[in-house]
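Following: one structure in structure tokens, then a few remarks.
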Amino acid sequence: MYCKINLQEYLVKTRCGMVSVAVFGDQDKPALVTYPDLALNHISCFQGLFFSPEVNSFLLHNFCVYHISPPGHEVGAAPIGSDDLMPSVDDLADQVLEVLNFFGLGAVMCMGVTAGAYVLTLFAMKYRQRVLGLILVSPLCRAPSWTEWLLNKVMSNLLYFYGMCGVVKELLLKRYFSQEVRGSVEESESDIVQACRRLLDERQSINVQQFLEAMNGRRDLSEGLRKLHCRSLIFIGENSPFHSEALHMTSKLDRRYSALVEVQACGSIVTEEQPHAMLIPLEYFLMGFGLYRSTLSVSRRSPLSPTCISPELLSPESMGLKLKPIKTRIS
């Protein structure tokens with residue numbers, strides 16, 4: 001659990017403003033950098049994953065975790081000033097580099113969710129030597145479709161005029177979670193949805209709007225994905241509105257270095273809705289970097305010297321297909 005791990009919070013000054021970074025664990029260990037989805041931070045996007053005892057012990061045994069929050073998304077953030085520069089997606093990717101340089105980090109493992117997955121993928125394409133591997137949850141890689149662009153514009157206007165109102169929260173919750181946990185007239189919302197709804201109330205609407213506008217102006221990364229040779233593991237919930245995006249991204253990545261895990265009966269934020277479904281694929285993926293549950297024999301701050309992952313290790317049988325709700329596809 002986080003409460004048993006050394007936690008330090010930093011505000012890192014970057015060219016485009018201050019960025020909050022929450023650091024968990026021993027900074028002499030290899031680094032795992034995370035980036036959340038729109039309107040979320042590490043508490044609302046990664047808490048379920050890291051509070052899962054098996055995943056927690058495995059990841060924090062091997063990594064020091066650096067949770068980067070989008071500008072103004074950290075707990076207790078003040079509204080971003082109207083005169084402040086509105087960052088683009090390239091600015092956000094460059095901020096990740098500035099964070100790594102601030103902590104003196106070399107090559108790192110990256111984990112991003114939806115919008116955060118796009119930012120970290122762009123970062124990996126711009127600064128390939130700084131990324132060991134990508135763990136992407138419901139990722140985006142194309143420019144927004146007209147439908148998504150229009151929906152984002154509606155949300156942006158609502159945020160500007162009405163703040164984090166009920167309509168915006170419902171749109172965001174639909175983006176994050178499957179219908180099963182969002183509930184219905186007959187069934188109440190699950191605890192994770194109720195907790196997320198409360199956390200959304202704490203977000204500054206202008207800060208969320210800026211991140212939303214940056215993502216709405218994103219470009220298509222598809223053509224550059226084939227040249228991305230770091231190993232990639234993609235998780236996608238079968239009920240995620242970004243399901244086709246994940247399939248498209250997997251088709252564009254070099255199949256020698258990538259694998260896709262589809263999680264049944266799950267929305268976009270697998271890290272919160274079904275974090276247990278990530279454990280076995282993560283274990284086999286990180287075995288390719290010499291990381292196990294047992295003691296890690298890696299020199300401090302050194303790259304992890306990845307080895308090739310055997311295709312058999314990523315087979316449905318090895319990943320525990322019988323342990324529903326995991327369904328595995330190999331790109």
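Note down the accessible area of Val270, probe 1.4 Å, to the nearest 10 Å².
Roll a 1.4 Å probe over it and Val270 shows about 0 Å².
Whole number in Å², please: accessible area per residue of the chain, 1.4 Å probe, ligands, DNA and RNA not counted.
42 Å²
Quick one: with all protein chains in place, what share of the accessible area of the chain is carbon or sulfur, to the nearest percent (1.4 Å probe)?
The value for the chain is 55 percent carbon and sulfur by accessible area.
Among the lysines in the chain, how many pairs, 8 or more places apart or on different chains, have alpha carbons under 25 Å apart?
12
As a test question: what accessible area, to the nearest 10 Å², does Asp94 have when a 1.4 Å probe is rolled over all protein chains in place?
Approximately 30 Å² for this residue.
Could you give the alpha-carbon Rg of the stretch 11-143 over 2.2 N^0.38 Å, rounded to two decimals?
0.99
Taking 1 over the mean of 1/r across every pair of different Cα atoms in the stretch 123-174, what Kirkwood radius in Å do you get?
13.7 Å
Suppose accessible area is computed on protein heavy atoms with a 1.4 Å probe; arrange Lys227, Lys13, Lys126, Lys169 from highest to lowest.
Result, largest first: Lys13, Lys227, Lys126, Lys169.
In nm, what is the difference between 0.36 nm times the number of residues separating Glu170 and Ala195 and their Cα-Cα distance?
Residue separation times 0.36 nm, minus the Cα-Cα distance, leaves 7.7 nm.
Using helices alone, what [θ] at 222 nm do you get for the chain, with -39,500 (n - 2.57) per DSSP H run of 4 or more residues, divided over all residues and rounded to the nearest 500?
Rounded to the nearest 500, the figure is -11500 deg cm²/dmol.
Rank Arg198, Arg142, Arg231 by accessible area, highest first, at a 1.4 Å probe radius?
Descending accessible area places them as Arg198, Arg142, Arg231.
Would you kindly state how much longer the chain becomes between Trp146 and Gln264 on full extension, computed as 0.36 nm times their sequence separation minus their alpha carbon distance, in nm to one decimal?
39.7 nm
For the stretch 104-235, place one equal point scatterer on every Cα, skip the solvent, and apply the Debye formula. What is log10 of I(q)/I(0) at q = 0.09, 0.11, 0.13, 0.19 Å⁻¹?
Taking Cα atoms of the stretch 104-235 as identical point scatterers yields -0.33, -0.49, -0.67, -1.14.
What's the long-distance tail for the chain, i.e. % of Cα pairs beyond 37 Å?
10 percent
Put His276, His243, His73 in order of accessible area, largest first, 1.4 Å probe: what do you get?
Accessible-area ranking of His276, His243, His73, largest first: His276, His243, His73.
Between Lys153 and Glu223, what is 0.36 nm times their sequence separation minus the Cα-Cα distance? Round to one decimal in nm.
22.6 nm
Plugging the Kirkwood radius over Cα pairs into Stokes-Einstein for the stretch 184-251, at a temperature of 37 °C and a viscosity of 0.692 mPa s, what D comes out in µm²/s?
The estimated diffusion coefficient comes to 209 µm²/s.
The values are calculated or read from the model by the stated rules, or taken from the named source; none is laboratory data. Just so you know, these numbers come straight off a predicted model, no measurement behind them. These accessible areas exclude ligands, DNA and RNA; they are computed on the full protein's heavy atoms, side chains included. Shrake-Rupley method; radii C 1.70, N 1.55, O 1.52, S 1.80 Å.
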